[in-house]
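Chemist: Next up is a structure, given as structure tokens.
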Amino acid sequence: MDKFIITGGTALQGEIPTSGSKNSALPALAAALLTDEPVTLHRVPHVRDIRTMQRLLVDIGSKVEVDHSAVRLHTPAIVCPEAPYELVKTMRASSLVLGPLVARCGRARVSLPGGCAIGARPINFHIFGLERLGARINQAHGYIEAEAPEGLQGATVHFDRITVTGTEDLMMAAVLARGETMLRNAAREPEVKDLADLLVKMGAKIEGAGTSNIRIQGVERLHGAEHTIIPDRIEAGTFLIAGAITGGDLTITECNPEHIGALVSKVQQAGAEVTQPDTATLRVRGGGLRSVDMTTEEYPGFATDLQAHYMALMTQADGIAIILETIFENRFMHAQELARMGAKIRLDGKQAIVAGPSLLTGAGVIASDLRASASLVLAALAARGETVIDRVYHIDRGYEKIETKLARAGAKIRRVE
Ligand code: EPZ
């Protein structure tokens with residue numbers, strides 16, 4: 001198992017480019033199942049979750065060709081409409097094939113995801129939505145079996161709670177359903193909009209993606225298309241905090257600043273200087289930081305996927321910051337590891353109370369999930385001495401060459417086996 005060894009204390013300087021979005025590329029790959037013509041995606045990041053999704057698609061019947069950051073998918077026929085437990089337990093986003101499979105071939109068998117490091121994360125809203133579209137669902141032996149031999153029928157689906165992949169899954173199911181589907185209380189995340197843009201290029205009729213109400217007019221078939229994935233807003237946000245926490249002067253290029261408006265505003269309130277030299281670039285200059293409270297929310301609010309990183313930043317800010325996590329019930333695993341490095345954090349249910357600034361010192365810590373691990377990297381960059389982060393395979397799920405990118409900006413970080 002790989003580890004990162006990081007010696008902190010260097011202010012990051014220079015430029016770091018952003019990769020394509022993992023959470024946009026995952027549904028886009030699944031969307032290729034909706035047509036028997038080739039779909040080419042550009043700017044697909046080289047991360048482990050993407051490789052897992054590609055493996056799943058190959059088992060289902062897709063031919064997958066990878067050329068640098070371009071991925072060409074061709075699914076002449078669905079050979080096996082199944083997502084097995086072995087894959088779903090390593091990546092919950094595998095359930096994104098449920099909607100496309102039922103839409104394309106009238107049946108799917110997808111493993112239930114089971115427990116997760118950050119919360120319960122059921123997929124009951126995906127199932128409820130498919131039932132509304134006329135699918136018969138049976139749950140047995142840890143699997144969901146969905147059937148719609150006569151095809152799906154458009155309907156109104158009102159999500160009790162905003163769900164990102166639930167919205168994406170249902171959108172992919174509805175594009176080939178008969179008649180009109182309305183998704184209400186839909187997720188407004190940029191990744192949902194990006195998926196809709198791809199589906200429209202494939203011939204789908206979708207209005208309102210990016211708002212809470214998405215209207216889909218089903219069509220008989222979709223065709224091939226070519227699409228470039230949006231920049232990864234969580235990766236861009238990670239680098240923004242890396243610049244602020246090290247008191248550096250860092251320029252993050254090839255990003256979409258609009259997508260991380262909530263983070264930029266918090267980092268500015270905390271005292272760092274953030275400017276936007278052009279539409280795809282952010283520059284951050286760190287300085288004396290002060291504590292600012294934060295609550296995670298669905299987009300366009302502050303992303304839960306950046307909560308751990310923000311907590312690391314607040315350990316270096318003057319005062320008390322209250323961080324409220326509203327999306328997942330167990331997403332504070334990083335707090336104990338940050339405490340091992342000297343952070344003063346008290347957990348109280350959905351709240352973390354961070355007192356700063358504390359002197360962080362290098363220590364041995366363990367990565368528990370993708371974003372928690374990134375927060376440990378950030379803390380290590382600000383800490384005195386050497387930090388060893390174990391189980392960095394979690395980081396490899398969603399960050400493309402993070403150590404190379406950070407090292408280019410002066411970070412003393414290396415990977416050891
Ligand atoms: C997506 O997960 C992202 N994953 C997550 O990113 C992200 O943290 C999350 O959205 C929230 O922004 C991908 O896009 C692949 P949800 P998703 O359904 O869709 C509850 C990362 O680090 N819920 O929006 O699975 C759920 O338990 C990952 O890159 C139900 O109760 O999240 C949670 O509390 C981690 N029933 C809330 O809704 C359901 O059927 C929001 O979850 C679905 C969700």
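The values are calculated or read from the model by the stated rules, or taken from the named source; none is laboratory data. Note that this is a predicted model, so its numbers are computed, not measured. No Cβ is skipped: glycine too gets one built from the backbone with ideal geometry, and neighbour counts run over all protein chains shown.
Chemist: It is to be established whether one or more residues within the range 44-62 are in contact (Cβ under 8 Å) with a residue 60 or more places away in the chain, away from the ligand (no atom under 16 Å from the Cβ) and under 18 Å from the mean Cα position of the chain (by Cα).
Modeler: no
Chemist: Still on this structure, I have one more. Going by what's in this entry, would Ile345 be described as more than 16 Å from the ligand (Cβ to nearest atom), surrounded by 20 or more Cβ atoms within 10 Å (Cβ to Cβ) and not aromatic (Phe, Trp, Tyr)?
Modeler: Against the criterion (more than 16 Å from the ligand (Cβ to nearest atom), surrounded by 20 or more Cβ atoms within 10 Å (Cβ to Cβ) and not aromatic (Phe, Trp, Tyr)), Ile345 qualifies.
Chemist: Next up: Go over the candidates Val97, Val102, Val110 one by one and state the one that is over 20 Å from Leu370 (Cα atoms), away from the ligand (no atom under 15 Å from the Cβ) and modelled with pLDDT of 95 or more.
Modeler: Exactly one residue qualifies, and that residue is Val102.
Chemist: Could you pull out the residue among Arg188, Arg178 that is within 13 Å of the ligand (Cβ to nearest atom), modelled with pLDDT of 95 or more and among the basic types (Lys, Arg)?
Modeler: Being within 13 Å of the ligand (Cβ to nearest atom), modelled with pLDDT of 95 or more and among the basic types (Lys, Arg) holds for just one of Arg188, Arg178, which is Arg188.
Chemist: Can you name the condition, by its number, that Asn138 falls short on among (1) modelled with pLDDT of 95 or more; (2) surrounded by 20 or more Cβ atoms within 10 Å (Cβ to Cβ)?
Modeler: (2)
Chemist: Take the conditions touching a residue at least 40 places away in the same chain (Cβ under 8 Å) and not charged (D, E, K, R) and apply them to Val354. Does it pass?
Modeler: Here the answer is yes, as Val354 does meet what is asked.
Chemist: List pairs: first residue in the range 126-139 and more than 15 Å from Leu176 (Cα to Cα), second residue polar (S, T, N, Q) and more than 13 Å from the ligand (Cβ to nearest atom) anywhere in the structure, Cβ distance under 9 angstrom, at least six positions apart or on different chains.
Modeler: Ile127/Gln139
Chemist: Specify the residue that is surrounded by the most Cβ atoms within 10 Å (Cβ to Cβ); the eligible residues are those in the range 162-175 that are near the ligand (Cβ under 10 Å from one of its atoms) and farther than 14 Å from Ser94 by Cα.
Modeler: Among those residues, the one meeting the criterion is Thr167.
Chemist: Please pick out the residue among Ile413, Ile395, Ile353 that is more than 15 Å from the ligand (Cβ to nearest atom) and within 29 Å of Ala93 (Cβ to Cβ).
Modeler: Exactly one residue qualifies, and that residue is Ile413.
Chemist: Which numbered condition in (1) under 21 Å from Gly203 (Cα atoms); (2) within 13 Å of the ligand (Cβ to nearest atom) is the only one that Leu152 fails?
Modeler: Here Leu152 clears every test but (2).
Chemist: Hey, another quick one. Taking the stated definitions as given, is Ala355 under 26 Å from Asn23 (Cα atoms) and aliphatic (A, V, I, L, M)?
Modeler: For Ala355, the condition - under 26 Å from Asn23 (Cα atoms) and aliphatic (A, V, I, L, M) - is not met.
Chemist: While we're here: Just wondering, is there one or more residues in the range 268-279 that are surrounded by 16 or more Cβ atoms within 10 Å (Cβ to Cβ) and touching an Asp or Glu at 6+ places or on another chain (Cβ under 6 Å)?
Modeler: no
Chemist: A follow-up question, please. With the requirement that a residue be more than 20 Å from Ala312 (Cβ to Cβ), free of Cβ contacts under 8 Å to residues at least 24 places away in the same chain and either part of a helix (DSSP H, G or I) or not assigned by TED's automatic domain parsing to the domain that holds Gln307 (or both), what does the range 240-280 give you?
Modeler: Glu258 - this is the single residue of the range 240-280 that is more than 20 Å from Ala312 (Cβ to Cβ), free of Cβ contacts under 8 Å to residues at least 24 places away in the same chain and either part of a helix (DSSP H, G or I) or not assigned by TED's automatic domain parsing to the domain that holds Gln307 (or both).
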